[in-house]
Structures are given as structure tokens and as C-alpha cells.
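Each remark here refers to the structure printed beneath this line.
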Amino acid sequence: MKRFAALIDRLIYTRSRNSKLALIVDYLKHTPDPDRGWALAALTEALDFSAVKAGTVRTLLATRVDEELFRLSRHFVGDTAETAALLWPDAPGKSADLSISEAVDALAAASRSDAPAVVAALLDRLDADGRYALLKLALGGMRVGVSARLAKQAFAQAFGVPVDDVEELWHAIPPPYAPLFAWGEGRAPRPDLADVAFFRPFMLAHPLEEEVVDLADFAAEWKWDGIRVQIVHAAGATRIYSRGGEEISSAFPELVAAFDREAVIDGELLVRGEVQGGPETQGGAASFNALQQRLGRKTVSKKMLADYPAFVRVYDLLAVAGDDLRGLPWSERRRQLEAFVPRLAASHFDLSPLIAAADFNALADLRAGARDAAIEGVMLKRRDAPYVAGRRAGLWYKWKRDPLSADCVMMYAQRGNGRRASFYSDYTFGCWTETGELLPVGKAYSGFTDEELKWLDKFVRDNTVDRFGPVREVEKTLVLEVAFDSIHASKRHKSGLAMRFPRIARIRRDKPAEEADRIATLRGMVT
Amino acid sequence: MPGASWIEPHPSGIYVKPADLWIDPSRPVARAAVTHGHADHARSGHGAVFATPETLAIMVLRYGVDAEATHNQAFAYGDGFERGGVRFSFHPAGHVLGSAQILMEYRGERIVVTGDYKRRADPTCAPFEVVPCDIFVTEATFGLPVFRHPPTGDEIAKLIGAVRAEPDRAILVGAYALGKAQRVIAELRGAGWDAPIYIHGALERMCALYAAHGVDLGELRLVSETDKAAMAGQIVIAPPSALNDRWSRRLPDPVTAMASGWMRVRQRARQRMVELPLVISDHADWDELTATIAEVNPKESWITHGSEDGLLRWCELTQRKARALHLVGRDLEEEV
């Protein structure tokens, strides 16, 4: 547990992604099985001990520490696991380090009634940092900034294996991933996944910049504004994976139930509505905001299912009846897809239509109209390309509609992280109400060059009028041209508006603040 | 009011009635006895200051000639003076150079005001002495049982380990300009770190004052007079306010460290954007606070600045008479 505790601590304080990666790589290389596998599972929140809850820990603490002192401490620290780790008295004498697997075995075997005693016995064998690691492992909520994707990359880097292979195998093998490590270290062949509903890494697109493509070589499709998902059905189990390979099946039980063919599809998860595409073209879709109501849930109420009915607009077919189709050209996969989709329940699955355009110019015209149809843009897919993981040059392009933009006034600034810790690099900006008041409409921390950042930083320092902790309020004089992909109604903001992907397009030193845009203008852009 | 009637706790300090004198007042008064040089205890503008020679020297450095007035009086540890029938004396508190507990004796009653203190070893100042008394006025900065400072040597080893692990980066340690900075430097020297240590200009005069009082800090160099590249793989000490300031851009890709008792709590360290938290404090931790009260074993404890509630609760649980004083302006977080 000592090594794991040290790893967590360093991850908490390390902000750079590369440094986090290096720390995990080092840990995986120098820690034996099965501890490293359990550690990886804990970091990616893949463990769940149903008998151990925060309440268990609170009850337990009451047996060792005065309740009032616990309450005062918890209030100060702000986190139950950390408070408990710091308060738990050190047991007299030194005991041998507790291995993670011992801890996992004990926690997994615990029943609700003996959980407090089990946790107490484990805590007695650890120091404060070890207790913190144990409680985070038991309760979840590690919050060390390690995504599943980062963990997989660390594994690939540690053992010199392709990250795409790791992605595939990862979801097929439960913690502590012994066969995965055996394969990584060259001690065993690649595990066989015939009967497992495993995740295949997504094929991704490059943005289309200046290129012009020939529609004889490329097929065009709408880019719908939902989330990319992969649905896998194998050996009687259906799983839904999001972009990073995170499983989100529990949030969409109706789709799990409706997808009963032995196959793997790639598509856009959407909610029924009339915003995207319009109802007359083909069952329309609601805005991304509507979909957000359904994301990140462990259980879904009947009302949720009724108010936000989800469906998948299918883009691609990766496997069917045990055959892997990913090596086939897109045109052949598309042919099979068009035959396959009608076999699925039409209420929950439909085919993403191709865009009929005579040539690139005609497509450009159609794309220009995408904003009215509230579609994110256009996808271009090479007809002869296989389905390959990641972003490969020249195969797929995303051609987003042109961004919207607005002239806003800088209101507040905050320092950034890591290399930007000494720069005011996060800006809150606002637009004018009818009564001449500035209301915040968004926050951006990208889009500018290093030179512009230096200038903005100086502007903030020279024009500060007030400070609230780390935030500086500035003189309302600087106009920023802000670009954003779309704007939505939002109850969470005073202005009633929320931007998607706002970034600073230009610094408008030439423009007086009074001439910045009005809230009403932005409201007119809402989709 | 329980306890002695001849001293009065006020929000702005402790008033000793028969002597017409204040202890650590937060506003200018005619006569002030000062426990130590930190700004929340030693203010400028008093008519006469009674303190240890080191504390007076620190006040002169910080506030200029005012504090040099001839009616100021310096007293070595163990020495003191009498005024209005009250006998005052100064005893080591182990907090920073010159820090003292002030013992007052009046009509057979003994009261000790600790100022700030710690119990563990510090190469830059005299160790805390237990002074028996009837009323013990104790600080409570870390008066919650979550605060248990690890051994200082472990934290220094962590710092040196970080330097070795990051040979291309400077390790920038935030440490309060009076006390903590010099202690971190002296602890590094004690651990065998004999390379030059680079300091922020704001630390220069205080380090020189410590050296003049016999605290060996080894070779110190100013960051402002050093090439950026020369500080890779070196230790740099600066006041906490400089950590994420523009000033830090003159260092090669610094690892931000901070030496403070608050670093025990992970979220606190993260909020300050610290990459390397060092739990090094000049204040007593929970175990030191409670052990000290038990050792001094006063008739009554008065608890000031910090987590009064936690220590008060401990006194209640151990059946000791105690009360919380609510003094103002005693929470300059950066000093601890």
C-alpha cells in the first residue's frame, strides 16, 4: 500500500499529463501482480465494494475519535476519507506493509455487518498516507485526474505494446488484469476475446482545413451533435461505450434492451426532438443540452426515459455475427450496414443518411445550411478506407459549420494551471443587457497565441479593480471577439445562455466596450 | 469571569491592568510586551516595546528607526522587569529566532502567554521551555486532531529527493520570510545540502539578520543576480506570495513546493497549486498542543488564535478548565 499511497499523492499534486503518465508507467513497471492491476482498477474507478460506504467509515470513526472533534475536523478538511485517514490513531508498533490485494480481498469479502471491523483492522496496519489510499480505494472518488484513456496509455508505454490493443483487451478482462500484464510482458499470447462484449477503439477524424476533397473518393454524412457511442452485443451481453471506452450502459437501459443482435455498431447517441434535422427529414433529434440530462446517471427514472427518449443514429458496422468487418473498405461496411440497420428496432436505431451532393461546391452549399438545421457539420469518409483506431491522416475529415462569434467585454480573469500558473489566462466575459448592465455569458481559456497571452496577462494586472480569492475583476474596457460552436438556453447562468466551445478569436483593442454585443443578439443565435 | 482579574483579554490583545501594558497588541499602544517578530504579533507604532534582543532587532529591520527608540528594552531569556507590581520575564517558545513566552507573576499568581510555539527541534532558535503557571494562554493554530506534523527530517529528505529527480528544473520552495525560510535553509544544511541556495530578494535582509545572530545558513545567492539556467537542479526559496507570481518566470520550469503545516490537508495544497507539499511548521501540532497543556498542567487554559473549538473540546474531554479568547488579526496563514 505504501507504493500505491505514494503514487496517489504524487498524482494529486502533478498537473501535467505527461508527468502523470510517467508516474503510472514507473509504477506499473516496478510493482508485482496482482497489486498493480488492483491499483490500475482503483485509479480508473473500476472497483466497487458494495458493503463499504462513507457511512461505514463515519460509524467506525465514532468508535475511536470523539464525535465533536470528528465533526470539526471534517468541516475543516472537507472530505470524509481524508479526515478519517488523518484522525485514525496510529496503531502501536510497526506491522508489515499491507498489500493491495490483501486489502481488496478483505473488502470484497466483507458483509454489511462486519464491514466496520474489516476496515478497522486494515486501517490499523497503515500510516496516514496508507489510510488515505485504502479509504479512497474502498469508497471511490479518487480524484487524481487519471482517465481510463491515460491509464491505458501508461500500460502501453510501460510494456511497449500498441495502445489500440490495450484498449480492446482492457474492457474484456476484469481487474486485476493478470492476462493483460502477462501479454504485455511477453509471458503469454494475446488473450482471446471471442465471447466477450469488448470495446473497439474509435476511428476519429481530422478537421478539414484548406483541403478540397473529391466526392468520388469520399462519402459525405451529417455530423450529428450528440455523443459518439459504440454498442457491442456478444455472448448475450450488451454494452454501450463512450468515446474513451468508458461503459455507459447503465444510463441507457432502453438501448441495452433493444440491441439484441450479435454485432458491433458505431453511431451517435441522441435524444428525440425537433432541433436537429427537423421532424420532416427523418425522426429529428433534440439539442445536445437535452442529451446532457441523460448522461452520467447510474439509474434512470421512468420520467427521464419518457421525457428524454434516447436513440442511436448508426454510422458504421464493425462486426456482425462474429465477423470482424474493420478491415473492409468503408463502402463494403456501408453496404452491410444498410442491410443490417432495418433488422434493429426502428424506435431506437436509424441509419445515418449519406448526403447527396453533385460535387464539393454543392456540398459546401449544403454545409452552409447546416446551421439552420442545427447540425454540427459534415463528415467526409474515404470510401476505400478500413476502420482504424485513432486519427489517421487522409481517411476521415470533420468539416464543422463555421463558428458563431460575438464581441464580448472581459469582466474577470483567473490564473491558469501548470505552465500557465503565473498567467491570468482564464477569462470570463459578458454582453450588455437592455438596461446597460454587463452579464457574464461565458468563459474561455484558449484561442490566443503566447504573445497575446502575455498582453492579456498584463492587461489584467494593470486594470484590476477588485480581487476575490484567485479571481480578479477588471476594468470593463476590453472587447474580446469570442468564437463558439453554438449557444443554448441555460437556467444555470444569470444571462440565461451557455456557449459550447467558446474561445478567444481576436482581441479587439480597437473597439469601445459600449459597442460590444447585446444579450438579445446572442439570444437570437440560440438553438 | 473565571481566573485572574488583573489581566483582560480584548480583541486587540491582552491588557495587563496593574502594569498598564499590552501583550502583542494589534494597534499602537504606549507600552507593549511582544512575544515574537511576526507581523500579527509585532506591530509598529508603540511608545515602548519590551521584547528579547532578537525580536527587537527583527522589529528594527521591519519597521525602521521607530523601534529603535531608547525607551525600548531588550531582555535575554530568563530575564525580565517589574512594573506596577507585576514581574515580567521572557522564556523560549521555540517558534522563530527570539520568540518568547511571557511569564507574569502578580500577588502569588502566575500567568504564561505563549505567543506562538512549537515543541520539536529547530536549528534556528532556542527550544521551548515548560514554565509552570496557573493560567496558560496557548495558541491553537493547529488545534484539530487532523494536524500531526511528520518528522521534519522526512520532509527535508522529500525536498532533496525532488531536486535529484528533477535535474532540469528549479525546486521553488514557498516559505514565510521570517522564520520558516531560515529554518528550511538550516535544516537543508543539517541534512548535508551544501550547494548554494538561491533566495528571493525579500528574504535577503532577514537571512543576514539570522546569520548575524549565529545561525549558519551557508552560501546564499540572490535569484535576481543569477542566470536562469544556473538554477536548474537547485533549491530556490521565496515568500509564498511569489510562488505563482510573475517573479517565478525567471526560474527554469520550477517545481512549486510549499513548507507549511497546512500542507497536511491535500485540498489546501492543491488550492495553492503546490506540486510538492512539505509539512514543515513552526507551530505546535495537535499532539504537541495537548501534551504541552498536560505537561504545564495549569489551573486554567486560555486558548487563542486558531482552532480554539478543537482544543477547547479536548480540554472538556480531559476535564481541564479552559476558555477561548477571540483575538483579532491572528490568522496570517502564510506564517505557519
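When B:Gly192 is tested against (1) within 14 Å of another protein chain (Cβ to nearest Cβ); (2) part of a loop (DSSP other than H, G, I, E, B); (3) over 26 Å from B:Ile58 (Cβ atoms); (4) of a type outside the set (Ser, Thr, Tyr), only condition (1) is not met. For residues that are buried (at least 22 other Cβ atoms within 10 Å of the Cβ), of a type in the set (A, V, I, L, M, F, W, C) and either within 20 Å of the chain's Cα centre (by Cα) or outside any loop (DSSP other than H, G, I, E, B) (or both), tally how many sit in the stretch B:160-189. Qualifying residue count for the region: 10.
Within the stretch A:511-518, is there a residue that is within 30 Å of A:Ala286 (Cβ to Cβ) and in contact with a strand residue (DSSP E or B) (Cβ under 7 Å, 6 or more places away or on another chain)?
Yes - at least one qualifying residue is present in the stretch A:511-518.
In the stretch A:369-379, the condition of being assigned to a strand (DSSP E or B), among the hydrophobic types (A, V, I, L, M, F, W, C) and more than 30 Å from A:Glu210 (Cα to Cα) is met by no residue. When residues in the stretch A:256-278 are screened for being in a helix (DSSP H, G or I) and touching a helix residue (DSSP H, G or I) at 6+ places or on another chain (Cβ under 8 Å), 1 of them pass. Filtering the stretch A:62-117 to residues that are more than 22 Å from A:Ala5 (Cβ to Cβ) and touching a Gly at 6+ places or on another chain (Cβ under 8 Å) leaves A:Leu69, A:Leu72.
Counting the residues of the stretch B:41-55 that are outside any loop (DSSP other than H, G, I, E, B) and not polar (S, T, N, Q) gives 6. Does the stretch B:21-40 contain any residue that is among the charged types (D, E, K, R), outside any loop (DSSP other than H, G, I, E, B), more than 30 Å from B:Leu217 (Cβ to Cβ) and out of contact with any His (no Cβ under 8 Å at 6 or more places or on another chain)? No, that holds for no residue. Assessment of the stretch B:87-105 against the conditions (among the basic types (Lys, Arg), without any contact (Cβ under 8 Å) to a residue 24 or more places away in the chain, in the same structural domain as B:Leu325 (by TED's automatic domain parsing) and farther than 17 Å from B:Gly179 by Cα) yields at least one matching residue. Highlighted here are the strands (runs of 3 or more DSSP E) found entirely within the stretch B:226-285 that include at least 3 residues which are of a type in the set (A, V, I, L, M): B:235-238, B:255-259. Hey, could you check the stretch A:123-134 for residues that are within 15 Å of A:Trp38 (Cβ to Cβ) and within 14 Å of chain B (Cβ to nearest Cβ) and say which is nearest to the chain's Cα centre (by Cα)? For the stretch A:123-134, the residue satisfying everything is A:Ala133.
Filter the stretch A:3-49 for residues that are in contact (Cβ under 8 Å) with a residue 60 or more places away in the chain, more than 14 Å from chain B (Cβ to nearest Cβ) and part of a loop (DSSP other than H, G, I, E, B); which is surrounded by the fewest Cβ atoms within 10 Å (Cβ to Cβ)? That would be A:Asp48. The listed residues are B:Ala232, B:Ala238, and the only one of them that is touching a residue at least 60 places away in the same chain (Cβ under 8 Å), over 20 Å from B:Ala126 (Cα atoms) and within 14 Å of chain A (Cβ to nearest Cβ) turns out to be B:Ala238.
Mind checking which residues of the stretch A:99-112 are within 14 Å of A:Pro34 (Cβ to Cβ) and part of a loop (DSSP other than H, G, I, E, B)? Correct list: A:Ser99 only.
Scanning the stretch B:209-218 for any residue that is touching a strand residue (DSSP E or B) at 6+ places or on another chain (Cβ under 8 Å) and either within 14 Å of chain A (Cβ to nearest Cβ) or assigned to a loop (DSSP other than H, G, I, E, B) (or both) turns up at least one such residue.
Against the conditions (1) modelled with pLDDT of 90 or more; (2) closer than 24 Å to A:Phe159 by Cβ, A:Arg239 satisfies every one except (2).
The values are calculated or read from the model by the stated rules, or taken from the named source; none is laboratory data. Not measured: the values here are computed from a predicted model. Every residue, glycine among them, receives a Cβ derived from its backbone with ideal geometry; neighbour counts consider all protein chains shown.
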